[in-house]
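Working notes, beginning with the structure itself.
The values are calculated or read from the model by the stated rules, or taken from the named source; none is laboratory data. Owing to the predicted nature of the structure, the values given are computational and were not obtained by experimental measurement. Methodologically, a virtual Cβ is constructed for each residue, glycine included, from the backbone with ideal geometry; neighbour enumeration extends over all protein chains shown. Surface accessibility is based on the protein's heavy atoms, side chains included, excluding ligands, DNA and RNA. Shrake-Rupley method; radii C 1.70, N 1.55, O 1.52, S 1.80 Å.
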Amino acid sequence: MTKPLPPGDLSPLADVHCHLGENLARELQLAQGGSVRAVVLTAARAEEFGPIAKLCADTCAADTRPRLIPAFGVHPWYAPSAPENLEELLDRAFDTAPLGALLGEIGLDFARPKEEHAAQRALFRRQLAYAACCALAAVVHSVRSVEEVIAEVKALRRRPVLLLHALSASADQIHRLAALGGYFSFSAHALAPPRRRMRAAAAAVPDDRLLIESDWPSGSDSPAAVADALVPLAELRGVPADELARRIWANSRRFFAAAGII
Ligand SMILES: [Zn+2]
(Lines give C-alpha, C1' and ligand atoms only; values in the text may rest on other atoms or scores of the structure.)
Protein backbone atom coordinates (compact mmCIF):
# COMPACT_ATOMS: atom_id res chain seq x y z
CA MET A 1 0.00 0.00 0.00
CA THR A 2 1.29 3.46 -0.80
CA LYS A 3 1.24 5.92 2.07
CA PRO A 4 0.28 9.57 1.54
CA LEU A 5 3.04 12.13 1.61
CA PRO A 6 3.57 13.87 4.96
CA PRO A 7 1.66 17.14 5.33
CA GLY A 8 3.44 20.47 5.14
CA ASP A 9 5.50 22.24 2.57
CA LEU A 10 7.18 19.94 0.14
CA SER A 11 10.61 20.78 -1.24
CA PRO A 12 10.66 22.27 -4.75
CA LEU A 13 10.73 19.54 -7.40
CA ALA A 14 11.67 19.16 -11.05
CA ASP A 15 9.78 16.85 -13.42
CA VAL A 16 12.61 15.73 -15.71
CA HIS A 17 10.49 13.76 -18.18
CA CYS A 18 7.20 14.96 -19.63
CA HIS A 19 5.84 14.88 -23.20
CA LEU A 20 3.49 16.93 -25.30
CA GLY A 21 -0.13 15.92 -24.83
CA GLU A 22 -3.64 17.20 -25.06
CA ASN A 23 -4.31 19.99 -22.56
CA LEU A 24 -0.65 20.33 -21.55
CA ALA A 25 -1.03 24.11 -21.20
CA ARG A 26 -3.95 23.57 -18.80
CA GLU A 27 -2.00 20.92 -16.87
CA LEU A 28 0.91 23.33 -16.49
CA GLN A 29 -1.44 26.02 -15.29
CA LEU A 30 -2.71 23.63 -12.60
CA ALA A 31 0.90 23.09 -11.52
CA GLN A 32 1.44 26.84 -11.08
CA GLY A 33 2.18 27.85 -7.52
CA GLY A 34 2.84 24.20 -6.54
CA SER A 35 6.09 22.49 -5.70
CA VAL A 36 7.00 21.69 -9.33
CA ARG A 37 9.44 24.41 -10.39
CA ALA A 38 10.74 22.96 -13.66
CA VAL A 39 9.47 20.52 -16.28
CA VAL A 40 11.58 18.99 -19.04
CA LEU A 41 9.33 18.86 -22.10
CA THR A 42 10.72 16.04 -24.21
CA ALA A 43 10.28 15.45 -27.94
CA ALA A 44 9.75 12.01 -29.43
CA ARG A 45 9.60 13.04 -33.13
CA ALA A 46 11.04 15.89 -35.17
CA GLU A 47 7.48 17.14 -35.85
CA GLU A 48 7.27 18.05 -32.17
CA PHE A 49 10.33 20.35 -32.16
CA GLY A 50 8.30 23.39 -33.32
CA PRO A 51 5.39 23.05 -30.84
CA ILE A 52 7.80 22.37 -27.95
CA ALA A 53 9.99 25.33 -28.85
CA LYS A 54 6.93 27.59 -29.03
CA LEU A 55 5.48 26.47 -25.69
CA CYS A 56 8.87 26.86 -23.99
CA ALA A 57 9.41 30.31 -25.52
CA ASP A 58 5.88 31.42 -24.48
CA THR A 59 6.28 30.33 -20.83
CA CYS A 60 9.75 31.87 -20.74
CA ALA A 61 8.41 35.19 -22.08
CA ALA A 62 5.54 35.14 -19.56
CA ASP A 63 8.03 34.17 -16.80
CA THR A 64 5.59 31.63 -15.33
CA ARG A 65 6.39 28.59 -13.18
CA PRO A 66 6.94 25.76 -13.65
CA ARG A 67 9.71 26.73 -16.00
CA LEU A 68 9.77 24.59 -19.16
CA ILE A 69 13.06 23.17 -20.38
CA PRO A 70 12.93 21.71 -23.90
CA ALA A 71 14.52 18.44 -25.04
CA PHE A 72 14.84 17.86 -28.79
CA GLY A 73 15.56 14.46 -30.30
CA VAL A 74 14.03 11.43 -32.01
CA HIS A 75 12.82 8.48 -29.92
CA PRO A 76 13.94 4.97 -30.98
CA TRP A 77 10.32 4.03 -31.81
CA TYR A 78 10.48 6.56 -34.66
CA ALA A 79 13.95 5.57 -35.89
CA PRO A 80 12.72 4.03 -39.17
CA SER A 81 11.12 7.36 -40.17
CA ALA A 82 13.75 9.73 -38.73
CA PRO A 83 14.43 12.66 -41.10
CA GLU A 84 17.63 12.59 -43.12
CA ASN A 85 18.38 16.22 -42.26
CA LEU A 86 17.98 15.59 -38.51
CA GLU A 87 21.13 17.48 -37.49
CA GLU A 88 19.90 20.54 -39.38
CA LEU A 89 16.52 20.31 -37.63
CA LEU A 90 18.26 19.89 -34.26
CA ASP A 91 20.50 22.91 -34.96
CA ARG A 92 17.41 24.99 -35.68
CA ALA A 93 15.56 23.73 -32.59
CA PHE A 94 18.50 24.37 -30.26
CA ASP A 95 18.79 27.90 -31.66
CA THR A 96 15.28 28.58 -30.25
CA ALA A 97 16.41 27.78 -26.69
CA PRO A 98 18.82 30.48 -25.56
CA LEU A 99 18.56 29.32 -21.92
CA GLY A 100 19.56 25.78 -22.80
CA ALA A 101 17.98 22.49 -23.84
CA LEU A 102 18.62 18.78 -23.61
CA LEU A 103 18.95 16.20 -26.39
CA GLY A 104 16.19 13.64 -26.27
CA GLU A 105 14.46 11.42 -26.21
CA ILE A 106 17.00 9.10 -27.78
CA GLY A 107 17.90 5.48 -27.13
CA LEU A 108 17.45 1.82 -27.99
CA ASP A 109 14.29 -0.22 -27.50
CA PHE A 110 14.88 -3.87 -28.31
CA ALA A 111 11.35 -4.83 -27.28
CA ARG A 112 10.46 -3.47 -30.74
CA PRO A 113 10.59 -5.73 -33.84
CA LYS A 114 14.08 -6.91 -34.74
CA GLU A 115 13.89 -5.34 -38.21
CA GLU A 116 13.96 -1.89 -36.54
CA HIS A 117 17.10 -2.48 -34.46
CA ALA A 118 19.65 -1.49 -37.13
CA ALA A 119 17.87 1.84 -37.73
CA GLN A 120 17.68 2.40 -33.97
CA ARG A 121 21.42 1.78 -33.52
CA ALA A 122 22.32 4.12 -36.37
CA LEU A 123 20.04 6.88 -35.04
CA PHE A 124 21.23 6.46 -31.44
CA ARG A 125 24.89 6.67 -32.52
CA ARG A 126 24.15 9.73 -34.62
CA GLN A 127 22.33 11.56 -31.83
CA LEU A 128 24.90 10.58 -29.17
CA ALA A 129 27.59 12.03 -31.43
CA TYR A 130 25.53 15.24 -31.75
CA ALA A 131 25.18 15.44 -27.94
CA ALA A 132 28.90 14.86 -27.41
CA CYS A 133 29.91 17.36 -30.03
CA CYS A 134 27.54 20.11 -28.79
CA ALA A 135 28.14 19.35 -25.06
CA LEU A 136 24.46 18.54 -24.54
CA ALA A 137 23.00 16.23 -21.89
CA ALA A 138 21.13 13.30 -23.43
CA VAL A 139 17.79 11.87 -22.25
CA VAL A 140 18.00 8.12 -22.88
CA HIS A 141 15.25 5.50 -23.22
CA SER A 142 16.65 1.97 -22.98
CA VAL A 143 14.60 -1.22 -23.02
CA ARG A 144 16.34 -4.63 -23.17
CA SER A 145 19.42 -2.80 -24.41
CA VAL A 146 21.37 -1.64 -21.34
CA GLU A 147 24.66 -3.34 -22.33
CA GLU A 148 24.41 -1.85 -25.84
CA VAL A 149 23.80 1.63 -24.38
CA ILE A 150 26.83 1.26 -22.08
CA ALA A 151 29.00 0.11 -25.01
CA GLU A 152 27.86 3.01 -27.26
CA VAL A 153 28.52 5.59 -24.53
CA LYS A 154 31.90 4.07 -23.65
CA ALA A 155 32.96 4.26 -27.30
CA LEU A 156 32.61 8.07 -27.30
CA ARG A 157 35.73 10.17 -26.79
CA ARG A 158 33.67 12.96 -25.20
CA ARG A 159 30.77 11.66 -23.15
CA PRO A 160 27.57 13.63 -22.65
CA VAL A 161 25.84 13.83 -19.26
CA LEU A 162 23.16 11.13 -19.38
CA LEU A 163 19.64 11.05 -18.01
CA LEU A 164 18.41 7.45 -18.04
CA HIS A 165 14.62 7.55 -17.87
CA ALA A 166 12.58 4.67 -16.37
CA LEU A 167 15.49 2.30 -16.65
CA SER A 168 14.97 -1.34 -15.72
CA ALA A 169 18.48 -2.63 -15.04
CA SER A 170 20.59 -4.58 -12.56
CA ALA A 171 22.34 -2.82 -9.67
CA ASP A 172 25.67 -3.50 -11.40
CA GLN A 173 24.46 -1.84 -14.62
CA ILE A 174 23.14 1.15 -12.65
CA HIS A 175 26.55 1.60 -11.01
CA ARG A 176 28.40 1.31 -14.33
CA LEU A 177 26.11 3.91 -15.91
CA ALA A 178 26.53 6.20 -12.87
CA ALA A 179 30.31 5.90 -13.34
CA LEU A 180 29.77 7.09 -16.95
CA GLY A 181 27.98 10.21 -15.67
CA GLY A 182 24.42 8.89 -15.58
CA TYR A 183 21.47 10.32 -13.67
CA PHE A 184 18.29 8.24 -13.28
CA SER A 185 14.62 9.25 -13.12
CA PHE A 186 11.51 7.28 -12.23
CA SER A 187 7.76 7.95 -12.12
CA ALA A 188 5.29 6.52 -9.62
CA HIS A 189 3.75 4.54 -12.47
CA ALA A 190 7.08 2.92 -13.42
CA LEU A 191 7.64 1.85 -9.80
CA ALA A 192 4.21 0.30 -9.22
CA PRO A 193 4.41 -3.30 -7.97
CA PRO A 194 5.20 -5.88 -9.19
CA ARG A 195 7.83 -4.20 -11.40
CA ARG A 196 10.58 -5.90 -9.45
CA ARG A 197 13.54 -5.14 -11.73
CA MET A 198 12.59 -1.46 -12.10
CA ARG A 199 12.10 -1.15 -8.32
CA ALA A 200 15.45 -2.83 -7.64
CA ALA A 201 17.10 -0.44 -10.12
CA ALA A 202 15.55 2.57 -8.34
CA ALA A 203 16.79 1.27 -5.00
CA ALA A 204 20.34 0.88 -6.40
CA VAL A 205 20.76 4.42 -7.79
CA PRO A 206 23.44 6.37 -5.90
CA ASP A 207 21.97 9.06 -3.60
CA ASP A 208 23.37 11.92 -5.67
CA ARG A 209 22.01 10.67 -9.05
CA LEU A 210 18.33 10.13 -8.33
CA LEU A 211 15.68 12.29 -10.08
CA ILE A 212 11.91 12.01 -10.58
CA GLU A 213 9.57 12.33 -13.54
CA SER A 214 5.86 12.31 -14.36
CA ASP A 215 6.29 10.73 -17.82
CA TRP A 216 3.02 12.54 -18.63
CA PRO A 217 0.73 11.80 -20.45
CA SER A 218 1.36 8.02 -20.53
CA GLY A 219 2.92 7.69 -17.08
CA SER A 220 0.72 9.87 -14.84
CA ASP A 221 -2.42 11.97 -14.66
CA SER A 222 -0.58 15.27 -14.55
CA PRO A 223 2.93 16.78 -14.57
CA ALA A 224 1.90 18.21 -11.17
CA ALA A 225 1.66 14.61 -9.92
CA VAL A 226 5.42 14.09 -10.19
CA ALA A 227 5.63 14.14 -6.36
CA ASP A 228 3.76 10.80 -6.33
CA ALA A 229 7.06 9.14 -7.28
CA LEU A 230 8.48 10.15 -3.90
CA VAL A 231 6.26 7.65 -2.07
CA PRO A 232 7.55 4.40 -3.65
CA LEU A 233 11.10 5.78 -3.82
CA ALA A 234 11.10 6.65 -0.10
CA GLU A 235 9.81 3.17 0.71
CA LEU A 236 12.34 1.43 -1.54
CA ARG A 237 15.25 3.45 -0.19
CA GLY A 238 14.15 3.53 3.45
CA VAL A 239 14.23 7.32 3.88
CA PRO A 240 11.50 9.84 4.77
CA ALA A 241 9.76 11.28 1.68
CA ASP A 242 10.41 14.92 2.66
CA GLU A 243 14.14 14.27 3.14
CA LEU A 244 14.24 12.45 -0.21
CA ALA A 245 12.44 15.38 -1.91
CA ARG A 246 15.13 17.80 -0.71
CA ARG A 247 17.89 15.49 -1.91
CA ILE A 248 16.24 15.04 -5.33
CA TRP A 249 15.83 18.82 -5.73
CA ALA A 250 19.56 19.26 -5.00
CA ASN A 251 20.29 16.50 -7.55
CA SER A 252 18.03 18.20 -10.12
CA ARG A 253 19.90 21.49 -9.73
CA ARG A 254 23.23 19.69 -10.09
CA PHE A 255 21.98 17.82 -13.17
CA PHE A 256 20.72 21.03 -14.85
CA ALA A 257 24.02 22.76 -14.06
CA ALA A 258 25.97 19.83 -15.56
CA ALA A 259 23.67 19.98 -18.60
CA GLY A 260 24.48 23.67 -19.09
CA ILE A 261 20.92 24.82 -18.33
CA ILE A 262 20.97 28.25 -16.76
ZN1 LIG B 1 9.46 9.49 -22.89
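Just a few scattered comments:
- Selection from the stretch 6-18 of residues that are open to solvent by 30 Å² or more (accessible area, probe 1.4 Å) and either acidic (D, E) or under 30 Å from E84 (Cβ atoms) (or both): D9
- In the stretch 28-77, the residues that are among the hydroxyl-bearing types (S, T, Y) and at pLDDT below 95: S35, T59, T64
- Within the stretch 137-154, being of a type in the set (S, T, Y) and either in contact with a Gly (Cβ under 6 Å, 6 or more places away or on another chain) or under 27 Å from R253 (Cβ atoms) (or both) holds for one residue alone: S142.
- Single match in L13, L86, L108, L99 (criterion: within 25 Å of C133 (Cβ to Cβ), touching a Ser or Thr at 6+ places or on another chain (Cβ under 7 Å) and hydrophobic (A, V, I, L, M, F, W, C)): L108
- When D207, D215 are checked against the criterion of being at positive phi, among the charged types (D, E, K, R) and under 19 Å from the mean Cα position of the chain (by Cα), a single residue qualifies: D215.
- Count - residues of the stretch 91-119 that are within 15 Å of P76 (Cα to Cα) and within 15 Å of the ligand (Cβ to nearest atom): 9
- Unmet criterion (only one of (1) within 16 Å of the ligand (Cβ to nearest atom); (2) small (G, A, S); (3) touching a Leu at 6+ places or on another chain (Cβ under 9 Å)) for G21: (3)
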